[in-house]
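Input: a single structure, listed below in structure tokens.
The values are calculated or read from the model by the stated rules, or taken from the named source; none is laboratory data. As the structure is a prediction and not an experimental result, all values here were calculated from the model. Counting neighbours? That spans all protein chains shown, and the Cβs are built from the backbone with ideal geometry, glycine included.
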Amino acid sequence: MNFSSFADFIAMGNHGVYVWTSYGISLAVLILNVVLPVLARRRYLQDEARRLRREESK
Amino acid sequence: MNWTWFHKLGSPKWFYEISGRWLPWLAWAAVLLVSVGVIWGLAFAPEDYQQGNSFRIIYIHVPAAFLAQSIYVMLALAGVVGLVWKMKLADVALQQAAPIGAWMTFIALLTGAVWGKPTWGAWWVWDARLTSMLILLFLYFGIIALGQAISNRDSASKACAVLAIVGVVNIPIIKYSVEWWNTLHQPATFKVTEKPAMPVEMWLPLLVMVIGFYCFFTVVLLMRMRLEVLRRESRASWVKNEVKALVGNNS
């Protein structure tokens, strides 16, 4: 461990703002890149299943 | 060399099945590597003797910048494969990788700006490395816009492939910008031929992060490509069966 206390770890030797902003925004972007395709897939599958059911019942 | 795998790639069904098998493993690898890399880089790596703790931004900046460039090279290769062998899957890969590449370029530029403030005293400078990365971002935007603007799928894929191949000129410019011009940006962290300029406790977590980011990219790319394959092949009977099997379970 490079830091002596948790407060030290958060402060990052006066660079806390920069380090945590970078990590925070990057993490948000990574999560967005996973969540959006998952949601798109779910929505598509539901729409497509509905379309197939309509087609079959005709 | 046995080329059957290459021909099989022309079959969307084969791709869909094999990628479904790989996806969970890659996802676990990505989560594990990125978590280990983040904790190691943030808490355990020693601080830089000049930059202090702000240097820890390197653990996302460098992997994102690597990916941003690798993805672009991948787009150009997919473009060549699509133009030469008329492989439909190459166009799917090109279209689906472009937004991920744009996001990675965004992360590299943003973390670079946030890192630049305490290190150089400026968020942005018109330095050769920064400017060429900004051009990369615009190339990604161009490919995404072109792919969406042309409604004919074949024309769109050809236009995007050509733009991807032409734009690849920018990649060596980004790579050598720190050597060709007097830049504020520091030189390459990893070189194939030399030992890294940092101690091992600093670059080992970086290596873990780089591999983790590549796994992450592969996972997101496969997820996006699988959805696009379902969309484009929606008339095929295997896709109809797949949709019914997936939705039938929870509705």
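Every test in (1) touching a His at 6+ places or on another chain (Cβ under 9 Å); (2) crowded, with 19+ Cβ neighbours inside 10 Å; (3) in contact (Cβ under 8 Å) with a residue 12 or more places away in the chain is passed by residue B:51 save one, and that test is (2). Taken over region B:56-97, the criterion of being within 14 Å of chain A (Cβ to nearest Cβ) and free of Cβ contacts under 8 Å to residues at least 60 places away in the same chain is satisfied by B:56, B:57, B:61. State the number of residues belonging to region B:13-48 that are more than 22 Å from the chain's Cα centre (by Cα), in a helix (DSSP H, G or I) and of a type outside the set (D, E, K, R). Here the count works out to 6.
Highlighted here are the helices (runs of 4 or more DSSP H) found entirely within region B:102-218 that include at least 2 residues which are touching a residue at least 40 places away in the same chain (Cβ under 8 Å) and surrounded by 20 or more Cβ atoms within 10 Å (Cβ to Cβ): B:128-149, B:153-167.
Would you check if there is a residue in region B:76-94 being of a type in the set (Val, Ile, Thr) and buried (at least 23 other Cβ atoms within 10 Å of the Cβ)? Yes, there is a match, as at least one residue in region B:76-94 is of a type in the set (Val, Ile, Thr) and buried (at least 23 other Cβ atoms within 10 Å of the Cβ). A count restricted to region A:14-26 and to residues that are surrounded by 14 or more Cβ atoms within 10 Å (Cβ to Cβ) and either outside any helix (DSSP H, G or I) or more than 7 Å from chain B (Cβ to nearest Cβ) (or both) stands at 4.
Yes/no matrix, rows are residues, columns are (1) at pLDDT below 95; (2) aromatic (Phe, Trp, Tyr):
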{"position": "B:14", "(1), (2)": "yes, yes"}
{"position": "B:26", "(1), (2)": "no, no"}
{"position": "B:45", "(1), (2)": "yes, no"}
{"position": "B:53", "(1), (2)": "yes, no"}
{"position": "B:71", "(1), (2)": "no, no"}
{"position": "B:76", "(1), (2)": "no, no"}
{"position": "B:80", "(1), (2)": "no, no"}
{"position": "B:84", "(1), (2)": "yes, no"}
{"position": "B:89", "(1), (2)": "yes, no"}
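Scanning region B:49-101 for residues that are of a type outside the set (S, T, N, Q) and outside any helix (DSSP H, G or I) yields B:49, B:52, B:86, B:87.
Of the residues making up region B:222-251, those that are assigned to a helix (DSSP H, G or I) and either in contact with a strand residue (DSSP E or B) (Cβ under 6 Å, 6 or more places away or on another chain) or more than 8 Å from every other protein chain (Cβ to nearest Cβ) (or both) are B:222, B:225, B:228, B:229, B:232, B:237, B:238, B:239, B:241, B:242, B:245.
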